Amino acid sequence: MNEGPYVYKRRVAFHETDCMGVVHHSNHIKYFEEARVDWLRTKGLTGLHIPQGPCVFAVVDVTCEYMNTAKFDDELTVVLQGRMEGLRMFFEYAIWSEPKSTWIAKGRTTLVALDAALRIARPPREVTETFAQENWSETWPPTAPPHP
């Protein structure tokens, strides 16, 4: 089993802010996506995604709760955890602002594997084996982000 949630770090780019200098709300979901793709890459699973592999990991549901703001050049830490139930992959995310020492957003995505014809498919064995090794906490987000 892996210890704790996965950690992804990034800085807020100027183009991600609105006219008030605050990160636009749509970018939080992009940060979730960046963290999830980075998680897939570190687990060696991106090669399973079309065009390299046999399937697409399609988002079928997303939620985001905004808790605070971030601004240009703020260092953010995105943490995530994942689990699988049947054909569905669930991810939970939380975005921590280093300058503010607080969570600024949390959310969830639900994904399914689709085949080349965009029909729901059974995920490759590597995916189910990877999720079987992941820890899942019912308490989310953590009190503070873990440091990698």
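The values are calculated or read from the model by the stated rules, or taken from the named source; none is laboratory data. This is a predicted model, so every value here is computed, not measured. With ideal geometry, Cβ positions are generated from the backbone for all residues, glycine too; neighbour counts draw on all protein chains shown.
Miscellaneous remarks
- Close pairs from region 1-28: first at positive phi, partner surrounded by 11 or more Cβ atoms within 10 Å (Cβ to Cβ) and part of a strand (DSSP E or B), Cβ under 6 Å, at least 6 apart: GLY21/LYS71
Residue-wise test of (1) in contact with a helix residue (DSSP H, G or I) (Cβ under 8 Å, 6 or more places away or on another chain); (2) free of Cβ contacts under 8 Å to residues at least 12 places away in the same chain; (3) within 19 Å of THR42 (Cα to Cα).
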residue: PHE72; (1), (2), (3): yes, no, no
residue: GLN81; (1), (2), (3): no, no, yes
residue: TRP96; (1), (2), (3): no, no, no
residue: THR102; (1), (2), (3): no, no, no
residue: THR130; (1), (2), (3): no, no, yes
residue: SER137; (1), (2), (3): no, no, no
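- Filtered residue count, region 104-123, keeping only those that are free of Cβ contacts under 8 Å to residues at least 40 places away in the same chain and out of contact with any Leu (no Cβ under 8 Å at 6 or more places or on another chain): 2
- Region 41-81 - residue that is surrounded by 14 or more Cβ atoms within 10 Å (Cβ to Cβ), within 18 Å of the chain's Cα centre (by Cα) and of a type in the set (Val, Ile, Thr) and, of those, nearest to ALA121 (Cα to Cα): VAL56
- Residue within region 23-41 that is in a strand (DSSP E or B), of a type outside the set (Lys, Arg), at pLDDT 95 or above and within 24 Å of HIS147 (Cβ to Cβ) present: yes
- Selection count, region 2-20, where residues are buried (at least 17 other Cβ atoms within 10 Å of the Cβ) and either hydroxyl-bearing (Ser, Thr, Tyr) or more than 16 Å from the chain's Cα centre (by Cα) (or both): 5
Condition check ((1) exposed (fewer than 15 other Cβ atoms within 10 Å of the Cβ); (2) more than 26 Å from ASN27 (Cβ to Cβ); (3) of a type in the set (A, V, I, L, M)) across all residues:
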position	(1), (2), (3)
TYR93	no, no, no
TRP103	no, no, no
LYS106	no, no, no
THR109	no, no, no
PRO123	no, yes, no
ALA132	yes, yes, yes
SER137	yes, no, no
PRO146	yes, no, no
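- Number of positions in region 28-39 that are surrounded by 18 or more Cβ atoms within 10 Å (Cβ to Cβ) and either under 17 Å from TYR66 (Cα atoms) or not charged (D, E, K, R) (or both): 5
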